[in-house]
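Structure record follows, encoded as C-alpha cells.
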Amino acid sequence: MSQRKVRVRFAPSPTGALHIGGVRTALYNYLFARRNGGDFLLRIEDTDSGRFVPGAEDYIIESLKWCGIKVDEGVSVGGPHAPYRQSERKELYLKYALELVEKGWAYYAFDSAEELENIRKEHEAAGKTFAYNSTVRTELPTSLSLSAEETARRISERNDWVIRFKMPEDEDVQMDDIVRGHVTINTSTLDDKVLYKAADQLPTYHLANIVDDHLMEITHVIRGEEWLPSLPLHILLYRAFGWEETRPQFAHLPLLLKPDGGGKLSKRDGDRLGFPVFPLLWKSPAGDISRGYREDGYLPEAFVNMLALMGWNPGDDREIMSMDELIESFSLEHVSKAGARFNPEKARWFNAQYIKKCDDEKLADILEAQLHTHGIASTREKTVKVCSLIKERAVLLTELYDLSDFFFTAPESYDEKVVKKFWKNGNPAAVKEIATLIEKAPGTDAAAMETLLHGYIETNGLPMGQVMNSLRLALVGQSKGPGINDIIETLGREETVRRLEKAVQTLGIPQPEQ
Ligand code: GLU
C-alpha cells in the first residue's frame, strides 16, 4: 500500500452528551494524528434521525475544545470534503447502495416493519431466533425472490423498501486489528444488515461510515470496542466497493469499565458513586442535568492526562504528561487489549497535581469569579497570593473559595471542637500577648513572624502546637488553611491584630484547669 498522509476521524452520533469513553476515543485519534503529522477530522454521524438529540453536536464540539483537541477538518471548521454532517450528505449515499445492488452485493427487501415483527414473533413461538440472512432472503419478498418486474413495481409504488447487504455464505473473514491482532469471523454468524432506507432516504451507519471514510481518505479507524462486531461487514463492504487498496487500518479501543464490578462504565455508575461521566455539564432537552468534569472543578489538562492513561501507557512509568508529551509518546501498539477500570480517585489525584503546578494568575481568575459570586471584593495582588498559598491543598477548582474564604472575611464564629481542644490553659493568654507583639513588630512578613512566634513560644516554654492552633482558631475560626506565618503576612498587621483581639474578647480567657 502506498504511503498516504495519516488521516483519522472522530465520528460521533449526536445522541446525547458525549461519554468520557467517547472523549478518550477522540483523544487517541487526535494524539495519533499529531504524532504522525496527520489530520484529525470531526464527522457527525446523524443518519439515525430517531436518536438525534438537539444540542448534542454543539456539546461535542465544545467538549473537544475544552480538552484542547483541535479539529483540522470537520463540522466546526469546514474542509475539502465538506459537508461533514452526514444528514447534509444525504443525496450521496443512494448511488453507492445501488452500486452494490448492481454488483450483486446487495438487494432490495420489501417487508414492512410490521411484517418483520410478525415473522420474528413466529420464530420466537417456535423457539427459534430470526435472522435476516441467506436462509430467508430468497423466501421473503426481496429482489432475490421476486421477478425483475415485480421488484421494479414495488420500488416505484412503495416507499418502505430497504437495501440490504448480501452477506456471503460460510466464509471466514480475516481481519487485522492494531489492538486486537488477527481476528477471524465466519459469515454464517452474521446477518444481512440494512444499508439504505427508502422511507427516510437515509443510509444506515454502516453504509455512510464506509462511504465517508473512503471519500474522506481516512487511513486509520480508531474507535470503541463496541464496533468490533461490525468489522467483518465493514471489511466486506470495502471489498464489495473495490476499495481494498485504500482500506483504512482498524484499531478497536478497550472499554472503560466500572470502578467496581464488571461491565461498561455508565452514567448510573457515576450517579451511584458520585463522579461525572461527561466532560461538561449536560442539560438534556427534557431538562435532566448531568454533572461534568469542567463544572465539577477539573482542569482540562488533568482530565485529558487521566483519560489518556486509561487504556494506554507511554511504555514507562510516567504519569503526569502534558498534551505535547502525550503526542510525543503516543502509539497504538501501547493501547491495552483489556478493559480499563475507571478510577474516580485517580481523577481527583491528577487534578490535585495539576492545580499544584497551575499558574497563580490562572487560579486567581477562577477564585476572583468565585469571590464575585459571594459578593467579596479583593485586590488582584491578594487573590494571586492567596492562590499561591492554597493550591497545595486544592483537589478541585470549585474548592478554591472554601479553602480561602477566611483570607477575605474574618471568622464570625469559632469551631466548637477546636475551641474545646485548644482554647484552654495558657493558650488564650499567649494569643493576647502575641497580638500586642505583632502590633509593635517592625514587619509582619512570614519570615519575621516565624522568628517572632517561635521566639515567644520557646522563650516562655509554651507548647508550640497548642499555641499555633489557638492562633489559627483566632485567625481562621477553625483548623484549616496554610501556615500561620503566611496567613499573617497575607492578612497584614491590622487585620491580624483585630482578629486575635476579637477571639480573645469573644471566647474569653478561661481559667486554666486545675
Ligand atoms: N457513529 C459511530 C459512533 O457513534 C462511529 C463509529 C465509528 O467510529 O465507526 O460511535
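The values are calculated or read from the model by the stated rules, or taken from the named source; none is laboratory data. Note that the coordinates shown come from a computational prediction; the quantities given were computed from them, not determined experimentally. Don't worry about glycine lacking a Cβ; one is built from the backbone with ideal geometry, like all the others, and counts go over all protein chains shown. All accessible areas refer to the heavy atoms of the entire protein, side chains included, with ligands and DNA or RNA removed. Shrake-Rupley method; radii C 1.70, N 1.55, O 1.52, S 1.80 Å.
Taking the C-alpha atoms only, the angle from helix 427-440 to the longest principal axis of the chain is near 80 degrees. Taking Cα atoms only, the orientation of helix 148-157 departs from the longest principal axis of the chain by about 50 degrees. Centre-to-centre separation between the Cα atoms of the stretch 32-64 and those of the stretch 464-514: 55 Å.
The residues neighbouring GLY455, those whose beta-carbon lies less than 14 Å from its own, together hold a net charge of -2 under the Lys/Arg +1, Asp/Glu -1 convention.
Over the chain, dividing the summed -39,500 (n - 2.57) contributions of all DSSP H runs of at least 4 residues by the number of residues returns a 222 nm mean residue ellipticity of -13500 deg cm²/dmol. Only aspartates and glutamates eight or more places from LYS70 in sequence, or on another chain, were considered; those with a Cα closer than 18 Å are ASP39, GLU57, ASP58, GLU62, GLU301, ASP324, GLU325, GLU328. When DSSP beta bridges are restricted to pairs lying wholly in the chain, around 55% turn out antiparallel. Go through LYS197/LYS267; LYS356/LYS385; LYS90/LYS283; LYS267/LYS337; LYS90/LYS166 and tell me which ones have a Cα-Cα distance over 25 Å in this structure. In this structure, LYS197/LYS267; LYS90/LYS283 lie more than 25 Å apart at Cα. Between the stretch 168-244 and the stretch 98-145, how far is it from one alpha carbon centroid to the other, in angstrom? Result: 20 Å between the Cα centres.
The Cβ shell under 14 Å around GLY181 holds other residues with a net charge of -2, Lys and Arg each +1, Asp and Glu each -1. Remark: the chain carries 47 Å² of accessible area per residue (probe radius 1.4 Å; ligands, DNA and RNA excluded).
Enter the angle in degrees (range 0 to 90, nearest 10) between the Cα long axis of helix 90-102 and the first principal axis of the Cα atoms of the chain, meaning the one along which they spread out most. Helix 90-102 sits at roughly 40 degrees to that axis. Residues whose amide H lies under 5 Å from that of GLY16, counting only those 5 or more places away or on a different chain, are VAL53; hydrogens are built 1.01 Å from N in the peptide plane. Taking a straight Cα-Cα cut-off under 21 Å and skipping sequence neighbours fewer than 8 places away in the same chain, the lysines within cross-link reach of LYS424 are LYS432, LYS480, LYS502. Other residues whose C-beta falls under 11 angstrom from the C-beta of PRO300 contribute a net charge of +1, scoring Lys and Arg +1 and Asp and Glu -1.
Summary of packing: across the peptides 246-257, 224-235, the per-residue average of other C-beta atoms within 10 Å ranks them, highest first, as 246-257, 224-235.
Across the stretch 383-398, coupling constants 3J(HN,Hα) worked out from phi with the 6.51/-1.76/1.60 Karplus curve, θ = phi - 60°, read 4, 4, 4, 4, 4, 5, 7, 9, 5, 4, 9, 7, 9, 10, 5, 5 Hz, and Gly and Pro carry x.
Over all pairs of different C-alpha atoms in the stretch 425-514, the reciprocal of the mean inverse distance, the Kirkwood hydrodynamic radius, equals 12.9 Å. Annotation: amide H-H contacts under 5 Å for PHE250 (H modelled 1.01 Å from N, sequence separation of 5 or more, or interchain): ILE178, VAL221. Computed 3J(HN,Hα) for the stretch 345-352, one whole-Hz value per residue from the Karplus formula 6.51 cos²θ - 1.76 cosθ + 1.60 where θ = phi - 60°, is 5, 5, 4, 5, 4, 4, 5, 4, glycine and proline marked x.
Here's the list of lysines a cross-link from LYS128 could span, going by alpha-carbon distance under 21 Å and ignoring same-chain residues fewer than 8 apart: LYS193. The H on the amide N of GLY224, modeled in the peptide plane, is under 5 Å from the matching H of LEU253, each at least 5 residues off or on a different chain.
In sequence order, the stretch 236-244 has phi-based couplings of 5, 5, 4, 5, 4, 7, x, 10, 4 Hz under the Karplus curve 6.51 cos²θ - 1.76 cosθ + 1.60, θ = phi - 60°, and Gly or Pro positions carry x. When its C-alpha radius of gyration is set against 2.2 N^0.38 Å (N residues), the chain gives a value of 1.37.
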